[in-house]
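The values are calculated or read from the model by the stated rules, or taken from the named source; none is laboratory data. The shown structure was predicted, so the numbers you read here are calculated from the model rather than taken from an experiment. No Cβ is skipped: glycine too gets one built from the backbone with ideal geometry, and neighbour counts run over all protein chains shown.
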Amino acid sequence: MAQILHIKMRIPRRLKWLAIVVVSWFILHCIYITIDGFHNYEGRADVAVVLGNTVFKDSSASPWLKGRLDKALQLYREGRVRKIFVSGGKGEYGVPEGTGMKRYLLIQQVPDSVIISDNGGNNTYLTAKDFIKLNDSLHFSSAIVVTSFYHISRSKFIIRKLGFSEVHGVHSDAYFREDGFKLFREFAAFYKYLLLY
């Protein structure tokens, strides 16, 4: 009886320590991706890789996406990238994100020849995969990922994992209340990508 009671008492203690380890790991991971996300690369690269987000029914970019596109536009105007690769999914409002992103950049007077659009990037992995496939013919040697700060680490990780080593990050200057909550998603998504892709 005493032995059974001892086992029952020991299980909650183990669960408590497991919870402490998981929470500590989550906090450290979030600190890392926040620091990494806010550390902007200051150099040049062949191409900016802009990760997609919502495009509205009228083909306008959502505030989240506009922040990313404006940062890519800044890189181009400063002469820090030669090309801009915009990639997103099919779009929840019926407008493919890559098409909407290209439209936004064209309105900002970016030459059509500079923009490469991709509508097959339904997630970060597919964007990275499409970029690698494109690079087989264009032979870029360096890239700057442009996305929200919390998304930088995962985006760089998957592109590197697919074989493109010189990839850097620059974050959007647009911030929203939901950004803190998206760190929770990034924690889970990073390890999903680590294990499955």
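Ser141 meets the conditions (1) over 16 Å from the mean Cα position of the chain (by Cα); (2) more than 21 Å from Asn40 (Cβ to Cβ); (3) among the small types (Gly, Ala, Ser); (4) surrounded by fewer than 19 Cβ atoms within 10 Å (Cβ to Cβ) in every case but one. The failed one is (2).
Residues considered: Ala189, Ala128. Of these, the only one that is of a type in the set (Gly, Ala, Ser), farther than 23 Å from Arg82 by Cα and surrounded by 13 or more Cβ atoms within 10 Å (Cβ to Cβ) is Ala189.
In this structure, does Ala72 turn out to be within 26 Å of Lys192 (Cα to Cα), outside any loop (DSSP other than H, G, I, E, B) and at pLDDT 95 or above? Against the criterion (within 26 Å of Lys192 (Cα to Cα), outside any loop (DSSP other than H, G, I, E, B) and at pLDDT 95 or above), Ala72 does not qualify.
For Ile144, the conditions (1) in contact with a Gly (Cβ under 9 Å, 6 or more places away or on another chain); (2) closer than 21 Å to Cys30 by Cβ; (3) of a type outside the set (Asp, Glu); (4) not in a helix (DSSP H, G or I) all hold with the exception of (2).
Give the range 147-197 a look and list any residue that's among the polar types (S, T, N, Q), within 19 Å of Gly43 (Cβ to Cβ) and in a loop (DSSP other than H, G, I, E, B), or say none. I'd like the intermediate steps shown before the answer.
In the first step, residues of the range 147-197 are kept if they are among the polar types (S, T, N, Q); the result is 147-148, 153, 155, 165, 172.
Right, trim to within 19 Å of Gly43 (Cβ to Cβ) and you get 147, 153, 155, 165, 172.
Ser165, Ser172, listed by residue number.
Taking each residue of the range 176-197 that is farther than 11 Å from His29 by Cβ and looking for partners that are small (Gly, Ala, Ser) and outside any helix (DSSP H, G or I) with beta-carbon atoms closer than 9 Å, six or more apart or interchain, yields Phe176/Ser148; Asp179/Ser148; Lys182/Ser148.
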